[in-house]
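Inspection log for the structure reproduced underneath, given as structure tokens.
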């Protein structure tokens, strides 16, 4: 497992917050960059995958465009992933700020994905999942992960037409989103990897669940390579913007 951050970013982009990164409309002032609370979660990572805060990438609105002009959703940066194969597994997240947040209180989950691939291989690529490690507070099980599957979800949870080489928005909390539990919980029907369920169904069956260890983006294992990025994680009214110098936090309207 390698965690790469490019030192040049600290030199070239020192003024990023002042000149390059535009706050979302209606957003309150951002908190200071807080990279110390976001990073690779080593206990859930293995192999030679990398996750790193980076500049860009810029996408193309259509495959025919010669120049990449579509900026990242927020600011000028994102969270990049390089995952070479099935034996690689990496998780990047926050193990501090979300502990104790009740699943029932989460109404909105959104983020953006950029997949760097040619169109002919793109359909087989599975992008990073969003993982919530929770204490279900039911039965004898005191831990499970809730995993959102962007490649198996449909509109409005996922784009109606998925595309390579451009930023696209996903909404795990919306209808037609696909989630599963990594460990079975007594009383929960379905919501398995073989038979995933929506976020609404998941919440209804886990009324007492709360986030325990982390909120994280996850890639691998056993689901193939990925080269690309994610950005703009929205949890209710709080936006987490991934930039080369760290993660910015905004309070926004929905």
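Quick note: the coordinates plus some simple rules give every number you see, no bench work behind them. As the structure is a prediction and not an experimental result, all values here were calculated from the model. All Cβ positions, glycine included, derive from the backbone under ideal geometry; neighbour counts span all protein chains shown.
How would you rank 145-151, 53-59, highest first, on the average number of other Cβ atoms within 10 Å across their residues?
In descending order of packing, they fall as 145-151, 53-59.
So for each of 97-103, 86-92 I average, over its residues, the number of other beta carbons within 10 Å; can you give me the resulting order with the highest mean first?
Order by mean packing, descending: 86-92, 97-103.
Relative to the present Cα-Cα distance, how much length would full extension add between residue 183 and residue 238 at 0.36 nm per residue of separation?
That works out to 17.0 nm of additional length.
With a 10 Å radius around each residue's Cβ, average the other Cβ atoms per peptide and rank 184-194, 236-246, highest first.
236-246, 184-194
Under 1.5 on a/c is rounded, so check that first for the stretch 8-251, then, if it is not, pick prolate when a/b is larger than b/c and oblate when it is not; a ≥ b ≥ c are the square roots of the alpha carbon gyration tensor eigenvalues.
The shape class here is prolate.
Between residue 43 and residue 121, how many nm apart are label points set 7 Å from Cα along the C-beta direction?
Placing both labels 7 Å beyond Cα along the Cβ direction yields 3.5 nm.
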